[in-house]
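Participant: Input: one structure, supplied below.
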Amino acid sequence: MSQGRTHRRFDRAFKSQAVELTDQPGMSVPKAAEQLGVHANALYRWKKELTEAGVRSDSSECQGSGETQRHRKPPSQRGKLGPRGC
């Protein structure tokens with residue numbers, strides 16, 4: 001077994017708060033990850049997982065459009081795209 005490194009586990013509340021931090025103006029995923037002491041790839045994965053689980057929308061601009069990331073129509077059935085592909 002390898003010594004020195006441990007596999008840390010984070011609860012859903014921590015992950016959700018970490019992802020919300022990335023939504024703040026001027027905050028990037030790498031910057032937030034550094035502040036939290038986690039790898040940026042983990043934060044990108046949490047963001048994707050929470051979005052797919054329907055816990056959050058991908059963007060505040062998409063909220064209220066009636067279409068979530070999880071239930072998107074195929075490209076051929078979509079109308080004109082709004083901001084950020086909403």
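We did not get these values from a lab; they are worked out from the coordinates using the rules stated. This is a predicted model, so every value here is computed, not measured. No Cβ is skipped: glycine too gets one built from the backbone with ideal geometry, and neighbour counts run over all protein chains shown.
Participant: Could you give every pair whose Cβ atoms fall below 7 Å, whose first residue belongs to the range 36-53 and is within 23 Å of T6 (Cα to Cα) and touching a residue at least 12 places away in the same chain (Cβ under 8 Å), and whose second residue is in a helix (DSSP H, G or I) and among the charged types (D, E, K, R), counting only separations of at least 6 or pairs across chains?
Facilitator: W46/K15
Participant: I've got another one for you. Select from the range 8-57 the residues that are surrounded by 15 or more Cβ atoms within 10 Å (Cβ to Cβ), touching a Ser or Thr at 6+ places or on another chain (Cβ under 9 Å) and part of a loop (DSSP other than H, G, I, E, B) and list them in ascending order.
Facilitator: R56, S57
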